[in-house]
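None of the figures in this text is laboratory data; all of them are computed from the coordinates on show. These figures come from a predicted structure and were not determined experimentally. Note: ideal-geometry Cβ built from the backbone for every residue, glycine included; neighbour counts use all protein chains shown.
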Amino acid sequence: MNSSFENQFLELLLHIKRIGSNLSSLEDVNLTPALFTYLNTIQQFPISTLNEVSQHIGVTPASASNAIKRLEKDNLIKREHNPHDHRSSVFTLTAHGDEIYELVQSFRRKKAKMLLDRLSEKEQHNFLFLFSKLLDFK
């Protein structure tokens, strides 16, 4: 791939971030994309330990610990005793965490729809196939 294609690809990735500025804003949510990754993981795998959350995300437990503390402080997740091992804790979303999760997911779905609606059904299929191949998803 030549640098022209690489530059064009990078510009397109930046442009994706700007799309959807006319949708309802998430500024009040005060949740970084990195923190949303943790919130999303805990939503997908409720009652996970710190080690399990860090494994799902692919970070060390020490790295995950700071994010977990931030989400707890913001009342987005709660810590409970692990029913299978009382030496550790498990994490689940709070009602507020569920609300924020749904708000962000709604925004993301609207943004995806805005993008995909520009393509025919066949183009959507081809795009998703190529994008999956690019990211090595099977």
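Charged side chains reduced to their Cβ positions (Lys and Arg at +1, Asp and Glu at -1) give region 27-135 a dipole of some 280 debye around its Cα centre.
When 32, 37 are sorted by how many other C-beta atoms sit within 10 angstrom of their C-beta, beginning with the fewest, the order is 32, 37.
Projecting the Cα positions of 112, 12, 40 onto the charge dipole of the chain (unit charges on Cβ atoms of Lys, Arg, Asp and Glu, taken about the Cα centre) puts 12 furthest along the positive direction.
Local charge for residue 18 was computed over the other residues whose Cβ lies under 12 Å away, with Lys and Arg +1 and Asp and Glu -1, and equals +1.
Cross-link pairs exceeding 27 Å in C-alpha to C-alpha distance, out of 17/122; 17/133; 78/110; 111/133; 73/133, comprise 78/110; 73/133.
Projecting label points 7 angstrom from Cα along Cα→Cβ for residue 80 and residue 98 puts them 1.2 nm apart. Only helices enter this figure: runs of n ≥ 4 DSSP H residues, each worth -39500 (n - 2.57), summed and divided by the residues of the chain, yield -20000 deg cm²/dmol at 222 nm to the nearest 500. Using a cutoff of 8 angstrom between alpha carbon atoms and counting only pairs six or more residues apart, the relative contact order for the chain works out to 23 percent. Once the gyration tensor of the Cα atoms in region 27-135 is diagonalised, the equivalent ellipsoid follows with semi-axes of 32, 17, 12 Å, ordered largest first.
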